[in-house]
Every structure is written in structure tokens, then in C-alpha cells.
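The values are calculated or read from the model by the stated rules, or taken from the named source; none is laboratory data. Bear in mind the structure is a predicted one, so any value in this text is a computation, not a measurement. In this analysis, Cβ positions are derived from the backbone assuming ideal geometry, glycine residues included, and neighbour counts consider all displayed protein chains. Side chains included, ligands, DNA and RNA excluded: accessible areas come from the protein's heavy atoms. Shrake-Rupley method; radii C 1.70, N 1.55, O 1.52, S 1.80 Å.
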Amino acid sequence: MAELLSDADIEAALADLPAWQRDGNAIVRTVESPSFPDAVALVDRVAEAAEAANHHPDIDIRWRKVTYSLSTHSAGGITASDVELARTIDSLVHG
């Protein structure tokens with residue numbers, strides 16, 4: 001089982017992920033795309049990366065806004081896998 005990050009570890013990780021914020025036992029980011037098809041295309045790229053990592057975000061699509069929520073449910077909170085996938089999502093947003 002993955003090891004939960006400490007509060008200090010989570011704060012340090014979020015300092016390097018300014019678009020993300022903590023929401024209880026998850027880290028969350030909302031991305032606004034230029035159009036609905038662009039938002040869905042980004043979700044598709046995130047889905048491919050998540051499948052490759054075998055770590056899957058909760059995804060909420062609302063028109064052009066997509067919210068990604070990362071938590072390792074089997075561990076009951078935030079792990080290094082969540083931070084790594086957040087970095088991957090950021091690279092896809094900016095790539």
C-alpha cells in the first residue's frame with residue numbers, strides 16, 4: 001500500500017504546484033479550456049497518462065471547466081502518486 005504524505009510533505013509539494021490546492025484528503029485543480037472540445041481532449045490526454053501510471057483522478061467536467069481531484073483511495077489520502085500525477089496533468093495543460 002502507498003504511504004500517506006505528511007501535512008508538511010503535502011504543503012511542500014503544493015508549493016511547487018501553484019495551480020493545485022488541498023481539499024481534505026485530496027489535491028484539486030480546475031482547468032478552464034478555450035472550448036468544450038478542448039476540455040474533453042485534455043481529459044483524454046489525462047486519461048491516457050493516468051492509465052499508464054495506473055493511478056486515476058476523479059474528473060468533473062462542466063462545459064469548458066474540468067476539475068481534477070487526486071487522492072489515493074486505497075491509502076485514505078494523499079500520496080506521492082497523487083503529486084506525481086498532478087505534475088503530469090500540469091505538463092499536459094501547458095504542453
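Observations on the structure shown:
- Helical content of the chain, expressed as a calculated mean residue ellipticity at 222 nm, amounts to -14500 deg cm²/dmol (DSSP H runs of 4 or more residues, -39,500 (n - 2.57) each, divided by residue number, nearest 500).
- Heavy-atom surface analysis with a 1.4 Å probe gives the chain a carbon and sulfur content of 50 percent of its accessible area.
- When the charge dipole of the chain is built from unit charges on Cβ atoms (+1 for Lys and Arg, -1 for Asp and Glu) and taken about the Cα centre, the candidate among Val43, His56, Ser6 whose Cα reaches farthest toward its positive end is Val43.
- Residue-normalised accessible area of the chain, given per residue in Å² at a 1.4 Å probe: 59 Å²
- At 0.692 mPa s and 37 °C, Stokes D of segment 49-95 from Kirkwood alpha-carbon radius, µm² per second: 291 µm²/s
- Compared with the alpha-carbon gap, the fully stretched path from Trp63 to Ser6 is longer by 17.0 nm at 0.36 nm per residue.
- Centroid-to-centroid separation of segment 77-95 and segment 16-55 [C-alpha atoms, Å]: 8 Å
- The chain: GluC sites (Glu not before Pro) in DSSP coil with no more than 14 other Cβ atoms inside 10 Å: Glu3
- Hydrophobic, long helices, defined as DSSP H runs whose alpha-carbon span along the helix axis is 30 Å or greater and whose mean Kyte-Doolittle value is at least 0.5, do not occur in the chain.
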